[in-house]
């Protein structure tokens, strides 16, 4: 089922990406609720090796996270700063190393290609956010399942307008 959703998403991306910018006037409808995806990452365990947190999806606890420890936002050795970010789905064809749909965190100061992806330990990331179903010191487990479920929920919520807030406890 996830494969069907990904194919549909890829088709929508191809069909909805205009070759030239277009202005579209949208009618105002006060009864329309703006759909979006709200991700909140609360970092709560800090070690010399990693930063462990909890990821909430639209207010509901969803999975655990693992990042590198804070080292002044240095590329490839530090987690990213706390703050508010936009994110988007990133398809396998956009990546040289990921053969599954994952998230790209956008507009991170002094950083690029910050992803939310599969992995278990700090060695599996170079500044990205890893997701997992279980957690131990410096480790998240069942990462593939956590990623699949996260992407499935995001796609079910429309797959766009993804906001990520990161806070330290």
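The values are calculated or read from the model by the stated rules, or taken from the named source; none is laboratory data. Values in this document were obtained by computation on a predicted structure and should not be read as measured data. Counting neighbours? That spans all protein chains shown, and the Cβs are built from the backbone with ideal geometry, glycine included.
Among the residues examined, residue 166 does not qualify as closer than 16 Å to residue 75 by Cα, buried (at least 19 other Cβ atoms within 10 Å of the Cβ) and touching a strand residue (DSSP E or B) at 6+ places or on another chain (Cβ under 7 Å).
For segment 53-67, the criterion of a residue being surrounded by 15 or more Cβ atoms within 10 Å (Cβ to Cβ), modelled with pLDDT of 95 or more and not in a strand (DSSP E or B) is satisfied by no position. Only residues that are over 13 Å from residue 109 (Cβ atoms), in a loop (DSSP other than H, G, I, E, B) and without any contact (Cβ under 8 Å) to a residue 40 or more places away in the chain were counted in segment 71-94, giving 1. In the set (1) surrounded by 12 or more Cβ atoms within 10 Å (Cβ to Cβ); (2) at pLDDT 95 or above; (3) out of contact with any helix residue (DSSP H, G or I) (no Cβ under 9 Å at 6 or more places or on another chain), residue 84 fails one condition alone, (1). Given the condition part of a strand (DSSP E or B), touching a strand residue (DSSP E or B) at 6+ places or on another chain (Cβ under 9 Å), surrounded by 17 or more Cβ atoms within 10 Å (Cβ to Cβ) and without any contact (Cβ under 8 Å) to a residue 24 or more places away in the chain, answer yes or no: does some residue in segment 128-141 qualify? So far as segment 128-141 goes, no, none of its residues is part of a strand (DSSP E or B), touching a strand residue (DSSP E or B) at 6+ places or on another chain (Cβ under 9 Å), surrounded by 17 or more Cβ atoms within 10 Å (Cβ to Cβ) and without any contact (Cβ under 8 Å) to a residue 24 or more places away in the chain. Residue 47 falls short on exactly one of the conditions (1) within 17 Å of residue 169 (Cβ to Cβ); (2) exposed (fewer than 15 other Cβ atoms within 10 Å of the Cβ); (3) touching a strand residue (DSSP E or B) at 6+ places or on another chain (Cβ under 7 Å), and that condition is (3).
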